[in-house]
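Asker: A single structure is presented below for examination.
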C-alpha cells in the first residue's frame, strides 16, 4: 500500500464507499464519449478525484477494524483503475502534481509503472 496524505479526510467508511462507486462509474462514461480530446480531459479529471479517494481510503484502512478488508479491496481497485486511466488515455502525472497546489495529495509514486520482473518457473 501507498503512503498517507499529509491532511486528514475524516470521513466515514460508508461515504468513502459511495464516493468510490461514483468515481468508478466515471470510467465507463469516459469510454462512452466519442471525442478523444474530451475523453482525455475527463480521464484527467477523474484521475485527480481518484487520487483524493485513494488517500481517503488509505486513511480509513489504517483506522478501521471490521471494514478493513472491504476498504482495502476498494483501495486496491481504485489504484488499479488509476493505472489503467494513465495507460489507456496517456495521462501525465506531472499535470496532477502541478494541480496539487495545496499539497494535499500523498506521493503519487504508487502509480509509476514498475518494470515487470519475470519469475523463472521451477521444473
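What follows draws every value from the coordinates through simple rules; no lab data is involved. Since we're looking at a predicted model, the values are computed, not measured. Methodologically, a virtual Cβ is constructed for each residue, glycine included, from the backbone with ideal geometry; neighbour enumeration extends over all protein chains shown.
Asker: Given contacts defined as C-alpha pairs under 8 Å and at least six residues apart, what's the relative contact order of the chain, whole-number percent?
Answerer: 36 percent.
Asker: Just the projected area, averaged over all directions, of the convex hull on the alpha carbon atoms of the chain: how many nm²?
Answerer: 9.8
Asker: If a paramagnetic tag sat 7 Å from the Cα of residue 15 along the Cα-Cβ line, which residues of region 43-85 would have the backbone N under 14 Å from that point?
Answerer: From region 43-85, the list is 53, 56-57, 60.
Asker: Also, quick follow-up: May I ask you to sort 83, 14 by Cβ crowding, counting other Cβ atoms within 10 Å and putting the fewest first?
Answerer: Ordered from fewest to most neighbouring Cβ atoms within 10 Å, 83, 14 come out as 14, 83.
Asker: Counting each DSSP H run of 4 or more residues in the chain as -39500 (n - 2.57), what helix-only mean residue ellipticity at 222 nm follows after dividing by all residues, to the nearest 500 deg cm²/dmol?
Answerer: Dividing the helical sum by the residues of the chain leaves -21000 deg cm²/dmol.
Asker: Sorting 37, 52 on the 10 Å Cβ count, fewest up front, what's the list?
Answerer: Going from sparsest to densest Cβ surroundings: 37, 52.
Asker: Something else now. So for 61, 104, 27, fewest C-beta neighbours within 10 Å to most, what's the order?
Answerer: Lowest count first: 104, 27, 61.
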